[in-house]
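Here's the structure we're looking at; comments come further down.
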Amino acid sequence: MGGGFSCLSSCSEGKDGASTATMGFLTGATIGLGAAVIGAPLVLSAVGFMAAGIAAGSLAAKMMSAAAIANGGGVAAGSLVALGQSAGMAGLSVATKAAITATGVVVGLLV
């Protein structure tokens, strides 16, 4: 191991000197970035959270209806429906994309 990087006992060097931890980190970062930039917007639109609003007849519309009934006619601020609608219309924030990427890195290191 070089460069002051300490590895746990499960870390090993590959033929080219790259550690499995480094490869796990890179794999996880790639998966996380892909999920944040491509996957999340696709899932949001597939569920029905569109840039123009919630699509009629979609799962998002059913979720909104159930939330409105449960809350006496309105959708509560900060609820899953409100967050999905906000993300669908404005896109994901940089902080959310960073969190998804970080989750991918952790998964990559664990695998």
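The values are calculated or read from the model by the stated rules, or taken from the named source; none is laboratory data. Since the model is a prediction, treat every value here as computed from it, not as a measurement. Using ideal geometry, Cβ is built from the backbone for each residue, glycine included, and neighbour counts are taken over all protein chains shown. These area figures cover heavy atoms from the full protein model, side chains too; ligands, DNA and RNA do not enter into them. Shrake-Rupley method; radii C 1.70, N 1.55, O 1.52, S 1.80 Å.
Descriptive notes on the structure:
- Screening SER6 on (1) over 20 Å from the mean Cα position of the chain (by Cα); (2) polar (S, T, N, Q); (3) modelled with pLDDT of 85 or more; (4) under 26 Å from GLY104 (Cβ atoms) shows it passes everything except condition (3).
- ALA68 passes every criterion in (1) part of a helix (DSSP H, G or I); (2) within 18 Å of VAL37 (Cβ to Cβ) apart from (2).
- Candidates GLY108, GLY72, GLY39, GLY88, filtered to the one that is of a type outside the set (A, V, I, L, M) and within 12 Å of the chain's Cα centre (by Cα): GLY39
- Among all positions in the stretch 77-98, there is at least one residue which is more than 30 Å from PHE25 (Cα to Cα), assigned to a loop (DSSP other than H, G, I, E, B) and not aliphatic (A, V, I, L, M).
- Counted residues, the stretch 93-111 - those being aliphatic (A, V, I, L, M), in contact with a helix residue (DSSP H, G or I) (Cβ under 6 Å, 6 or more places away or on another chain) and open to solvent by less than 60 Å² (accessible area, probe 1.4 Å): 2
- Count of residues meeting criterion [in a helix (DSSP H, G or I) and not basic (Lys, Arg)] in the stretch 53-65: 6
- Residue list for the stretch 20-36, restricted to those being open to solvent by 70 Å² or more (accessible area, probe 1.4 Å) and under 9 Å from the mean Cα position of the chain (by Cα): LEU33
- The residue pairs whose first member lies in the stretch 71-92 and is more than 15 Å from GLY48 (Cβ to Cβ), whose second member is open to solvent by 80 Å² or more (accessible area, probe 1.4 Å) and assigned to a helix (DSSP H, G or I), and whose beta carbons are closer than 7 Å, counting only pairs six or more residues apart or on different chains, do not exist in this structure.
- Just one residue in the set GLY88, GLY48, GLY39, GLY74 is loosely packed, with under 14 Cβ neighbours inside 10 Å and of a type outside the set (D, E, K, R); that residue is GLY74.
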